[in-house]
Each structure stands twice: as C-alpha cells, then as structure tokens.
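The values are calculated or read from the model by the stated rules, or taken from the named source; none is laboratory data. Please read these numbers as outputs of a predicted model, since none were measured by experiment. Ligands, DNA and RNA are stripped out before the accessible areas are found, and what is left, the full protein with its side chains, is counted by its heavy atoms. Shrake-Rupley method; radii C 1.70, N 1.55, O 1.52, S 1.80 Å.
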Amino acid sequence: MPITSTELDPSPPATETGTAMRSRLATTPEWLLRVSIESLLIVLSILLALAVDEWREGRSNEALARQSLQIFAQEIEQNLAMMNDAVPYHMGLQQVVAEMAADADRVVDVQSILEGLQPIILQNTAWETALATGAFRHMDVNTVSKLSRMYSMQQRFRDQTTVGRPELFATDAPTDAQQLEQMEQALRYLTEVVRAEQDLRAVYLLALEEIDPLAEFREESLAPDSAGS
C-alpha cells in the first residue's frame, strides 16, 4: 500500500499550533504578566532618568565653559589695557636710548634713564580657575590651544622683563666706555621688551577673537605708531 505525503509530514496543522499558543498564553499566571510589565516600566524609567541626568550634566558643563570663557575675555581685556598704557612709554624710551647710544657725547647713567621702567603686572587668574574647575574639558580644542599659547607667551614675557632687568643694572659704570656698554645693553633689553609686548598683544587679540567674536577690538592697536599716538 503506498504511503501518502500527509503521512510523512510530522508537523501538526497550523490551526493546532495557533491553538496551542493561545492555550499557553491563557494559562500564564496573571502575576507573571504584571511583573513583566512592571519590570519593563522600571527599565524605561531608569533609562529616561539617565538621559535626563546626562542632559542636565551637558547643560551644566556648557554653562561652566561659557562662564570660564567670559572670565578669560575680561582678564585678557584687562591685560591688554595695561599693555596699551605701558607700550607707548617703552617705545619712546627705546627711541631715546637708541639716539643716545649712537652719540658718545650723550651717554649718561643708564639707571637714571630707565628708573621709570616698571614691569607690567599681567594677570593669569582665569587660567588657574579653569584648571581648578575642569572647564578646559568642555571647551573647543582650538580655543584651549590658543589660550595655552597665549599664557605661555605671557609667562615668558614676565620672566624676560623681571629676570633680565636686575642683571642689566647690577653694576656701576664709572667710565664712558662702561656707560656706553650699559647703554647698548639697555637698548637691546628695551628692543626685546617692545618686540615681546607687540607679539603678546597680537596673541591677546587672536584669543579674544576666538572666545568672543562679537567683541570690538581695534586692529590698529597692534601698530607701534598708533600705540604711541
């Protein structure tokens, strides 16, 4: 007797399979369904709370970065203002010393000429505050790079104007030749100071353009002629 394909197929009819599934769902305990739904809601609420906390932390970090940049802008403006007040005098003093160094008859005591030369006290509180609060972690990399370059140049300028000065005026010069030598040293010192001031002012302006593009700063303040007028 031949065997039909129906007899070879072990799978139950589709209607029987669907009936079995509905039967299993019907026999699932109500408490298990309730626990499953509650667990899903708990997981969703935790994920939502984490998302809200992350959003709040992001907003807080952005506010910290903005506030820190405002402090940077204020400090740079203060340093730039002090630089603008001092540079014209330094440039004029450099010119006077250059004229005296070129004429042996006009060589006088260097100390009496440069006694009014005072170092510019530049602030760096904003940098120290940003380090302490971790604000740099939430700033743009280019911004942090420009600020780092600016404060590095500022530190070099501070060392140059404070360390080099005592060595220059430590000894007396009783003879004309010694006075001329000190005059030439003073001229080199003033030339380096003025050049460093111009470079630092340029970096100040670049940093201000980076952190505060809406601020208005006069480009002609970089030119020695305008600074001395």
* Asked: What do you reckon, how do H90, H138 stack up by accessible area (1.4 Å probe), largest on top?
  -> H138, H90
* Probe 1.4 Å, all protein chains in place: accessible area of T143 in Å², nearest 10? -> 10
* If the chain between A98 and E30 were fully stretched, how many nm would it gain, using 0.36 nm times the residue separation less the Cα-Cα distance? -> 14.6 nm
* To do: Would you kindly find the accessible area of D53, with a 1.4 Å probe and non-protein molecules such as ligands, DNA and RNA excluded, rounding to the nearest 10 Å²?
  => 80
* Once the whole set of protein chains is in place, how much accessible area is left on F136, using a 1.4 Å probe, in Å² to the nearest 10? -> 40
